[in-house]
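A quick write-up on the structure given underneath.
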Amino acid sequence: MPGKNPRELGLLADCESCFGLCCVALPFAASADFAVDKDAGRPCHNLRDDFRCSIHSQLRQSGFQGCTVFDCFGAGQKVSQGTFEGRSWREAPGTARQMYAVFPVMRQLHELLWYLAEALTLEAAQPVHASLRQALEETERLTGQSADVLEKLDVAAHRAEVNELLLRTSELARAGLKGREHRSADLIGARLRGAGLRGANLRGAYLIGADLRDADLRDADVIGADLRGADLSGADLTGAIFLTQAQVNAAKGDTATRLPGALTRPSHWAEEGRPPAASRRPRRRRR
């Protein structure tokens, strides 16, 4: 039996039901991703009184590209409406510190739920489905704990346990594909246009700014891979294992990029500008 889908598990961000936690709880530094410095626990100057962003439609143009990449996996509304029962940090200032501390913990738990739910859809991982389902149920149980419990939760230890299962899932799903081994590899700026990376192990790989145009990334394990600025134009990520919306948002792509069904094409991806088909580098024949 497949696992619950992301919507059933509440893993799709619902900003309308959140108290702007990503805009308050998390810090950021002035860089190519953010126009200014902001300390953890201090509201972004763009956050309105209704917890909406005043420059939401102009974030990238205003120097806040990092905001368009971030995905809380639904942790924002879970903490806001579940853990703190709909009382905001503005209504109850005394809850603010703990709410900000719980939010990143909840985000990690929700990210694990995303991976576990996906793992349960992989037929090749049948040998570990029972363990995966148990891990999903335990992780889901943890998300329902009180703020006091969540604040003290050793989420790193829980992640380590779940990761062992996810690693086994990946091995089973990629068995027989003879994919390349690039775990934690430094591939920053690598020229991988048209590369045959089907079934590759790219767990934790640094692919910042890599040229992956027209690359075959089908069934590749990309959990934790850093795809910031990577060019996925024309790349095929069908069946890519443990790919998240945040990774896709951080990369570049176009209308020819193929994504897993659970993910959506970012609005900032190029809609036009691909060279005519006749002038493109030919794709490698895929087997």
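What's the number of the only condition in (1) surrounded by fewer than 17 Cβ atoms within 10 Å (Cβ to Cβ); (2) in a loop (DSSP other than H, G, I, E, B) that Ser57 fails to meet? (2) is the only condition that Ser57 fails. If you filter the stretch 102-130 down to residues that are among the β-branched types (Val, Ile, Thr) and over 15 Å from Gly239 (Cα atoms), you find that the one that is surrounded by the fewest Cβ atoms within 10 Å (Cβ to Cβ) is Val128.
Counting the residues of the stretch 3-30 that are over 17 Å from the mean Cα position of the chain (by Cα) and on the phi > 0 side of the Ramachandran plot gives 1. Being in contact with a strand residue (DSSP E or B) (Cβ under 9 Å, 6 or more places away or on another chain), outside the structural domain of Ala117 (by TED's automatic domain parsing) and over 20 Å from Arg180 (Cβ atoms) is the requirement here; does Gly253 meet it? So Gly253 passes the test.
A search for C-beta distances below 9 Å between a residue of the stretch 230-248 that is in contact (Cβ under 8 Å) with a residue 12 or more places away in the chain and any residue that is part of a helix (DSSP H, G or I) and small (Gly, Ala, Ser), counting only pairs 6+ apart in sequence or on different chains, returns Ala230/Ala250; Gly239/Ala173; Ile241/Ala119; Ile241/Ser170; Ile241/Ala173; Phe242/Ala119; Phe242/Ser170. Name the residues in the stretch 220-251 that are under 17 Å from the mean Cα position of the chain (by Cα) and on the phi > 0 side of the Ramachandran plot, would you? Of everything in the stretch 220-251, those that are under 17 Å from the mean Cα position of the chain (by Cα) and on the phi > 0 side of the Ramachandran plot turn out to be Gly224, Gly229, Gly239, Phe242.
Looking across the stretch 204-217, the residues that are part of a loop (DSSP other than H, G, I, E, B) and surrounded by 22 or more Cβ atoms within 10 Å (Cβ to Cβ) come down to Ala205, Leu207, Ala210, Leu212, Arg213, Asp214, Ala215, Leu217. The requirement of being under 19 Å from the mean Cα position of the chain (by Cα) and over 29 Å from Lys252 (Cβ atoms) is satisfied by Leu109.
When the stretch 60-69 is filtered for residues that are surrounded by 13 or more Cβ atoms within 10 Å (Cβ to Cβ) and in a loop (DSSP other than H, G, I, E, B), the ones remaining, listed by number, are Arg60, Ser62, Gly63, Phe64. Of the residues making up the stretch 17-60, those that are under 19 Å from Gly76 (Cα atoms) and acidic (Asp, Glu) number 3.
Consider the stretch 1-48 and keep the residues that are in a loop (DSSP other than H, G, I, E, B) and of a type in the set (S, T, N, Q). The one that is modelled with the highest pLDDT is Asn46. Would you confirm whether or not the stretch 79-93 contains a residue that is under 22 Å from the mean Cα position of the chain (by Cα), among the hydrophobic types (A, V, I, L, M, F, W, C), farther than 16 Å from Asn249 by Cβ and crowded, with 17+ Cβ neighbours inside 10 Å? Looking through the stretch 79-93, at least one residue is under 22 Å from the mean Cα position of the chain (by Cα), among the hydrophobic types (A, V, I, L, M, F, W, C), farther than 16 Å from Asn249 by Cβ and crowded, with 17+ Cβ neighbours inside 10 Å. Scanning the stretch 152-194 for residues that are touching a residue at least 24 places away in the same chain (Cβ under 8 Å) and part of a loop (DSSP other than H, G, I, E, B) returns Leu153, Ala175, Leu177, Gly179, Arg193, Gly194.
The values are calculated or read from the model by the stated rules, or taken from the named source; none is laboratory data. Every value quoted in this text rests on a predicted model; they were computed, and no experiment measured them. Reconstructed Cβ throughout: ideal geometry from the backbone, glycine too, with neighbour counts over all protein chains shown.
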